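Worksheet for the structure shown next.
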Amino acid sequence: MASPKPVRKAVFPVAGMGTRFLPATKAVPKEMLPVVDKPVVQYAVEEAKEAGIEQFIFVTGRGKHIIEDHFDHAYELESLLSAQEKNRELDSLLEGLPVSGSVSFTRQQKPLGLGHAVWCARHLVGDEPFAVLLPDDLLIGVPGALAQMIEAYHKVGGGVIIAAEEKSQEETRRYGVVAPGKTSGNITEVKGVVEKPEPKDAPSRLCVIGRYILQPEIFGELDRLEKGAGGEIQLTDSMAKLIGRMPFHAVKTSCERYDCGDKVGFLQANIAVGLKRPDIAPALKAILKGIEY
Ligand code: UTP
């Protein structure tokens, strides 16, 4: 097998309305809500950087400009912190900054669905493989989820690679569910994906989560702008059309996943990440022990 083209670009669709988090997300994008002390979108960017991604493409929408500001210098703040010799705080600002010229923004003018958001990035992606990271899905682990997926991509070749997680039968109704072929280690061949099935009809318990590696052929399918479930242009529908035309695999990563688009998942992420942080864990543990419920 010829070695597949490297994955250099990542698309971050961040144009959703975040209705599950209102009123918090009325003026603040949900991707900017913090898990401990970092906005959720920054974890996804760090994961992509660790996986070797060189170009970070954000698909934003109205009211999301603070995401752009977050990945830019904040000169007044930086010079103030520098003058006050608050070096730790200053470093925390600077270490999250992508290299100049490596970040691009495009707008999805209407939130017509995830497939449409990815399609909005077509000119910035061009004719090469790319990753898609949904920042809502916070994946914590070493190596990071995208790095594990890229490793799998180099083993099985081009096509589509999706991250998947084993869920309970009942939970399958909330996810895209994989119709599985052969499994080798953490990689399962994908024969089909069923969007939000009734649990009794789910073809497996392997559910698609928010990380993808896609070939540019996906844009040929997304170009049709066909609406699917919920009247939205679904990424899954276009991926499903590529099955049979190119290899399609699901990768189970060893990462922990938190659904930060959901209130309970977001609280769980804050507690779990807080418990991993040596500066916070002792106080947090003491508080959690004292809570009666
Ligand atoms: P979600 O469906 O979780 O996001 O989409 P949402 O629509 O903002 O959430 P709720 O249900 O209203 O609370 C998953 C990802 O796809 C992006 C979202 O920003 C999120 O990162 N997305 C979704 C877009 O960029 N555009 C869309 O039209 C839809």
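Mind grabbing the base-10 log of I(q)/I(0) for the range 106-196 at q = 0.25 Å⁻¹? Debye formula, identical points on the C-alpha positions, no solvent, two decimal places. Debye intensities relative to I(0), on a log10 scale: -1.47. Among rounded, prolate and oblate, which fits the range 164-251 when a ≥ b ≥ c are the square roots of the eigenvalues of its C-alpha gyration tensor, a/c under 1.5 means rounded, and a/b larger than b/c means prolate? Note, shape of the range 164-251 comes out oblate.
Take every DSSP beta bridge whose two residues both sit in the chain; close to 60 percent of them are antiparallel. The distance from the alpha carbon centre of the range 19-66 to that of the range 272-290 is 24 Å, rounded to a whole number. Tell me, Kirkwood radius of the chain from alpha-carbon pair distances, in Å? About 20.0 Å for the chain. Dipole check for the range 57-199: with +1 at the C-beta of Lys and Arg, -1 at the C-beta of Asp and Glu, and the Cα centre as origin, the magnitude is about 660 Debye. For GLY192, the residues whose amide H sits under 5 Å from its own are ALA179, ignoring neighbours fewer than 5 places away on the same chain, with H placed 1.01 Å from N.
Dipole check for the chain: with +1 at the C-beta of Lys and Arg, -1 at the C-beta of Asp and Glu, and the Cα centre as origin, the magnitude is about 740 Debye. The antiparallel fraction among DSSP beta bridges confined to the range 166-260 stands at about 90%.
Within the same chain, lysines fewer than 8 places from LYS38 are excluded, and of the rest, those with a Cα less than 22 Å from its Cα are LYS26, LYS30, LYS49, LYS64, LYS86, LYS263, LYS276, LYS285. If you average the C-alpha positions of the range 227-266 and of the range 169-205 separately, how far apart do those two centres end up, in angstrom? So the two Cα centres are separated by 11 Å. When the charge dipole of the chain is built from unit charges on Cβ atoms (+1 for Lys and Arg, -1 for Asp and Glu) and taken about the Cα centre, the candidate among VAL160, GLY230, PRO13 whose Cα reaches farthest toward its positive end is GLY230.
All of the numbers you see were taken from the coordinates with simple rules; none came from a lab. A quick note: this is a predicted structure, and the numbers were derived from the prediction, not measured. Virtual Cβ from ideal backbone geometry, glycine too; neighbours counted across all protein chains shown.
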